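In what follows, a structure is listed as C-alpha cells, so that the remarks can point back to it.
The values are calculated or read from the model by the stated rules, or taken from the named source; none is laboratory data. Note that the structure is predicted; figures quoted are calculated from it, not measured. So basically every Cβ, Gly included, is an ideal-geometry build from the backbone, and we count neighbours across all protein chains shown. SASA here: full protein model, heavy atoms, side chains in, ligands and nucleic acids out. Shrake-Rupley method; radii C 1.70, N 1.55, O 1.52, S 1.80 Å.
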Amino acid sequence: MRFRAAVASRLGVDTRSLAAFRVGLAVVVLVDLALRLQSLTAFYTDSGVLPRAVMRAQYPVVSRASLHMLSGAAWAQAALFAVTAVAAVALLVGYRSTAATFATGVLVVSMHARNPLVLNGGDLVLQMLFVWALGLPLGERWSVDAVDRGAWRDRVVSVATVGVLCQLVIVYTSNAVLKLRGDAWVSGTAVRTVFSLEMFVVGLGHVLSETPRLLVAFDRVWLVLLAGSVCLVVLTGWWRAAAAAVFAGMHLGMAATMQLGVFPLVAVVGLVPFVPGCVWEAAAAARPQRTVHPVRWIADRRERVPSVPVPSLPRSVRARARTAVTGVFVVLLVGQAAYTVVSVGGVGTPVSVGPLDAGDAPPPRWYMFAPEPLSVDHWVKAPAATPGGGRIGAFAGGAFSWGKPPDVSAQYPSARWRKYVVNVVDSDSHAVRAGLVAYLCRRSAAGTPHRGVTNVTVYDVRQPTRLGGSEPTHRRRIGAADCPVNAAERV
C-alpha cells in the first residue's frame, strides 16, 4: 500500500496543474502562430522559399501529413492559421477540451510538416506534449467544461500522466548523456562557445557574453541539472516545486539572452505538470476572492447560445476505447524510451536501419548543443543588382555592404529564419537553395523603390569562433538567379 501511494504521489498530477498545462499549451500555440504569421508568405506559400512542388520532391512522406499542402495561396494559409487560433482559444478556456486538444494538435503538426526547414527540437517536444495531452483530463478544472460538470478530481494518475512527466526527463537525461561525451561541456567551455555565436545572442546575452567566469558557472550548473533531472520525478511537494522552478528559470534565462523563438516557453509549459498541489493551495490562500470568475463568465454567456447535441457512445464502447488508448500510450512511452536509449548509444541496433550500417544508432532527437555546441557563426550576404547599376541587400535590406553586420542576430527576422538559413546552407539540394534565391529575387523586386532588380546572388559567410582568438571569415556562394521583370507581381 505504501509503495502504491509513493508511486502515485510521484507519477500523478494535480488537476490544477493540468489546467495550467492546458492554458500553457494554448498560449504557446497562439504566440507561435503570431510569430510565424510574420513569415507566412515566405515559409508557407508557393511564392516563398519552399514551394509545394519542392516540398513534395524533398519530403514526400512528410508532405502527405500536412493540410497546409492543400493550397499554396497566402489566403488559404492565413485561413488555416485562423482556424488553428480558434481551436487554441477553445483549448485555452477549456471548451470541449479533448476535442480542442485534438484539433489544435493536428493543425500544429500539419503546420510543422509544411516546412521542416524551420523546425527545431522545441517543435518536436510540443508535438509530444500534445500527444500526452490527449490522454489527460485537461478540462477537469478552471474550464468551461468544469463549470458544466460541476465536480472534479483533485489528482489523476494514468499512463498519460507518466508520459507527460517523463517527457522532459527523457529529453534532459538523453541530452546530458550526449553532452558528457563531448569535451566542451566537461571542460566548461560550451556555454562560452554558444555565447560567442553572435547569431544566437540577443538582449542580456550581449552583457553575459562579456563575463566568461559566469558562463563557465552556468555550464556546470546546467550540466548538473540535466544529469540530475530524474529528481523532477523522484521528489515530491515543495522540493519538486523548487526543482521545476530552477529548470524553468534556466529556460527563461535562455529566452532573455538567446534568439530561440518559443523553445524556452515550450520547455516551461512542459514543466507545469510537475507543480504539486501545495503550490496551488498556497496561492489560493494568498489570493483575494474574485467577484467574477472569467471562466464562469464565459460559461454563463455560452448558455445563451443554442448548443449542438453531441451523440454519446455506449458505455461498453467507451470502456474499450479507453483500454485501446491506454495501450497506445504504453507502446508510445516504451517506444520513445527505447528509441532514446538506442539513439544515445546505450545499445546497438542489430540490423541496418535505412542508410545506417548495422549496429549504428539512429540520430538523437534532443541535440540542444550536444555533444558539442556549434562553433561557426553564419550570416547571409545577398547582393541584388538594380537596373541603374547599384546594389541593395536582398536579405537584410538597405544598401549592400560586404562588412559584418553590427548585430548578427538582428539580421534574422526570427529564430525560424536563422534555423532555415543554417539548414539551407548545409543542404545538398539544389532545389532547396534555389528556393531561397528565387524568393529573395521576388521580394527584392517588390520591396525597393527601383523598377526591379536584375539578379540576386546569395552567399553564406561563416566565422569560426575561437573564444577570443583570431576569427577569419569564409564566404561561400549558395546560388544566383536572374530576376524576371515581373518578379514583384508574384510576391
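One table, with the values for the structure above:
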{"read-out": "Given (1) under 30 Å from GLY479 (Cα atoms); (2) surrounded by 19 or more Cβ atoms within 10 Å (Cβ to Cβ), number of the condition ALA53 does not satisfy", "value": "(2)"}
{"read-out": "Residue match in the range 410-422 (condition: crowded, with 19+ Cβ neighbours inside 10 Å, at pLDDT 90 or above and among the β-branched types (Val, Ile, Thr))", "value": "yes"}
{"read-out": "Exclusive hit being at pLDDT 90 or above and either open to solvent by 20 Å² or more (accessible area, probe 1.4 Å) or part of a strand (DSSP E or B) (or both), set ARG476, ARG442", "value": "ARG476"}
{"read-out": "Flag for VAL49 being over 24 Å from ALA415 (Cβ atoms), touching a Phe, Trp or Tyr at 6+ places or on another chain (Cβ under 9 Å) and among the hydrophobic types (A, V, I, L, M, F, W, C)", "value": "no"}
{"read-out": "Verdict on VAL425 being open to solvent by less than 60 Å² (accessible area, probe 1.4 Å) and under 22 Å from LEU40 (Cβ atoms)", "value": "no"}
{"read-out": "Residues satisfying the stated conditions in the range 201-226, i.e. in a helix (DSSP H, G or I) and either over 23 Å from ALA245 (Cα atoms) or touching a Phe, Trp or Tyr at 6+ places or on another chain (Cβ under 8 Å) (or both)", "value": "GLY205, HIS206, VAL207, LEU208, PRO212, ARG213, LEU215, ASP219, LEU223, LEU225, LEU226"}
{"read-out": "From ALA53, ALA85, residue being closer than 19 Å to ASN423 by Cα and assigned to a helix (DSSP H, G or I)", "value": "ALA53"}
{"read-out": "The range 220-238: number of residues that are of a type in the set (Val, Ile, Thr) and more than 25 Å from CYS278 (Cα to Cα)", "value": "2"}
{"read-out": "Members of the range 150-176 that are of a type outside the set (Ser, Thr, Tyr), farther than 20 Å from ALA5 by Cβ and open to solvent by 10 Å² or more (accessible area, probe 1.4 Å)", "value": "GLY150, ALA151, TRP152, VAL169, ILE170"}
{"read-out": "Single unsatisfied condition, GLU210 versus (1) surrounded by fewer than 15 Cβ atoms within 10 Å (Cβ to Cβ); (2) touching a residue at least 40 places away in the same chain (Cβ under 8 Å)", "value": "(2)"}
{"read-out": "Every pair of residues 6+ apart whose Cβ atoms lie under 8 Å, when the first sits in the range 1-19 and is within 21 Å of GLY135 (Cα to Cα) and acidic (Asp, Glu) while the second is assigned to a helix (DSSP H, G or I) and open to solvent by 40 Å² or more (accessible area, probe 1.4 Å)", "value": "ASP14/TRP280"}
{"read-out": "Which listed residue is closer than 20 Å to THR84 by Cα and open to solvent by 10 Å² or more (accessible area, probe 1.4 Å), from VAL131, VAL118, VAL125, VAL147", "value": "VAL131"}
{"read-out": "Tabulated pairs, the range 423-436, first more than 17 Å from ARG52 (Cβ to Cβ), second of a type in the set (Gly, Ala, Ser), C-beta under 9 angstrom, 6+ apart or interchain", "value": "VAL424/GLY435; HIS430/GLY479; ARG433/SER427; ARG433/GLY479"}
{"read-out": "Residue in the range 87-104 that is touching a residue at least 24 places away in the same chain (Cβ under 8 Å), within 19 Å of VAL328 (Cα to Cα), open to solvent by less than 10 Å² (accessible area, probe 1.4 Å) and not charged (D, E, K, R) present", "value": "yes"}
{"read-out": "Matching helices (runs of 4 or more DSSP H) fully within the range 99-200 where at least 2 residues are within 30 Å of SER63 (Cα to Cα)", "value": "121-133, 159-180"}
{"read-out": "Odd one out for VAL216 among (1) of a type in the set (Val, Ile, Thr); (2) touching a helix residue (DSSP H, G or I) at 6+ places or on another chain (Cβ under 6 Å); (3) closer than 23 Å to PRO464 by Cα", "value": "(2)"}
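Yes/no matrix, rows are residues, columns are (1) open to solvent by 40 Å² or more (accessible area, probe 1.4 Å); (2) at pLDDT 80 or above; (3) closer than 23 Å to VAL262 by Cβ:
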| site | (1), (2), (3) |
| --- | --- |
| ALA358 | yes, no, no |
| ARG391 | yes, yes, no |
| SER401 | yes, yes, no |
| ASP460 | no, yes, no |
| GLN463 | no, yes, no |
